[in-house]
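Trainee: Structure incoming, see below.
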Amino acid sequence: MQENVMHIHFNQILCEEMAKVFELKPLPLDPDYKLKYSKEGKDVFITSGYYRCPKTGNLRFGEMDFGGSMLVDYGSVPPAESYDFPILGFDFVLASRFLIGVIDLHPVSKDRAYTEHYITPLKDVHQKYQWIPKAEGGRSEVHEWAKIYDSGYSFYRWCDTKYLPDLEEAFRDYIRVFCECIRKAEPVTDQKRLAQRDTCMQNYRNDYTYKDPGSTPLKHHFGEEWGERYLKEFVFGL
């Protein structure tokens with residue numbers, strides 16, 4: 001019997017929720033990034049989307065389809081050059097027997113005023129979804145190298161696929177907090193703050209390009225050089 005075709009809609013949810021608050025416009029995207037087939041054939045491929053959004057470095061997201069056996073939705077929304085609100089980052093993996101959800105608003109500053117302004121509103125959202133049970137043997141916290149970018153209220157869960165609707169709602173809640181961060185953000189003029197922001201974002205891009213284990217299958221199927229360029233220029237572009 002043929003298995004049911006799997007679908008996830010997290011990239012669609014990102015656009016839906018942010019379009020409720022901001023005007024989104026599709027941006028031109030390198031065809032080599034918009035649709036990319038694996039070097040082994042057309043069963044494994046990536047599709048990507050790119051949308052303009054005020055005050056941000058634009059919505060950058062993609063989906064990897066591993067021949068229908070596993071789907072991965074992922075993306076990043078960084079602040080524009082004059083802003084230092086958190087970076088929205090997410091990864092969702094759906095396979096036949098498990099579901100992984102990773103969502104956070106990655107702060108680019110750790111000072112108290114910044115945390116109170118942007119990060120504290122995540123606390124209630126984080127607590128709201130702690131009831132979702134972790135799958136046996138699955139991770140429930142970020143990797144050690146990534147903890148420097150953790151807001152303290154990230155969502156990180158390996159769980160049963162039956163919790164897909166709950167992860168979708170969690171994602172919507174995180175996006176709503178993120179939209180409020182954008183809405184209330186003012187341009188930064190202090191050069192020290194801007195330098196701190198730039199350093200953090202450069203480190204973030206490099207670490208997620210080279211240290212994130214999620215990049216391994218991408219580079220395996222699409223080539224080390226292409227995968228690195230795709231991550232640095234597009235997914236984690238500044």
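Every number in this text was worked out from the coordinates using simple rules, so none of it is lab data. Since the structure is predicted, the reported quantities are computational estimates derived from the model, not experimental observations. Every residue, glycine among them, receives a Cβ derived from its backbone with ideal geometry; neighbour counts consider all protein chains shown.
Trainee: Quick one: order 119, 87 by neighbouring beta-carbon count within 10 Å, fewest to most.
Mentor: Numbers: 119 21, 87 25.
Final ranking by Cβ density, sparse to dense: 119, 87.
Trainee: Kindly put 125, 142 in sequence by how many other C-beta atoms sit within 10 Å of each C-beta, fewest to most.
Mentor: Starting with the residue having the fewest Cβ neighbours, the order is 142, 125.
Trainee: Show which aspartates and glutamates lie in cross-link reach of residue 25 when reach means a straight Cα distance below 18 angstrom and same-chain residues fewer than eight apart are skipped.
Mentor: 16, 17
Trainee: Then there is this: Would you work out the charge dipole size for the chain about its Cα centre, treating the Cβ of every Lys and Arg as +1 and the Cβ of every Asp and Glu as -1, and quote it to the nearest 20 debye?
Mentor: Using Cβ point charges on Lys, Arg, Asp and Glu, the chain gives about 360 debye.
Trainee: Over the chain, one equal point on each Cα, no solvent: what is log10 I(q)/I(0) by the Debye formula at q = 0.15 Å⁻¹?
Mentor: At q = 0.15 Å⁻¹ the computed log10 ratios are -1.06.
Trainee: Here's another thing I want to ask about it. For helix 191-210, report the angle its Cα long axis makes with the longest principal axis of the Cα atoms of the chain; keep it between 0 and 90° and round to the nearest 10°.
Mentor: 10
Trainee: Could I ask something else about it? Considering only C-alpha atoms, what is the centroid distance from the range 195-225 to the range 19-89, in Å?
Mentor: 15
Trainee: For the range 45-155, how big is Rg over Rh, using alpha carbon atoms and the Kirkwood form of Rh?
Mentor: So for the range 45-155, dividing Rg by the Kirkwood Rh gives 0.99.
Trainee: If I model a spin label at residue 225 and residue 199 as a point 7 Å from the Cα along the Cα→Cβ vector, what separation in nanometres do I get?
Mentor: According to this spin-label approximation, the distance is 3.4 nm.
Trainee: May I ask which of 36/219; 36/232; 147/192; 123/184 have a Cα-Cα span longer than 20 Å here?
Mentor: Result: 147/192 exceed 20 Å.
Trainee: On to the next question. Please give the per residue volume of the convex hull enclosing the alpha carbon atoms of the range 163-229, rounded to a whole number of Å³.
Mentor: Once divided by residue count, the hull of the range 163-229 is 133 Å³.
Trainee: How big is the Cα convex hull of the range 95-172 in projection, averaged over all directions, in nm²?
Mentor: For the Cα atoms of the range 95-172, the hull's average projected area reads 5.6 nm².
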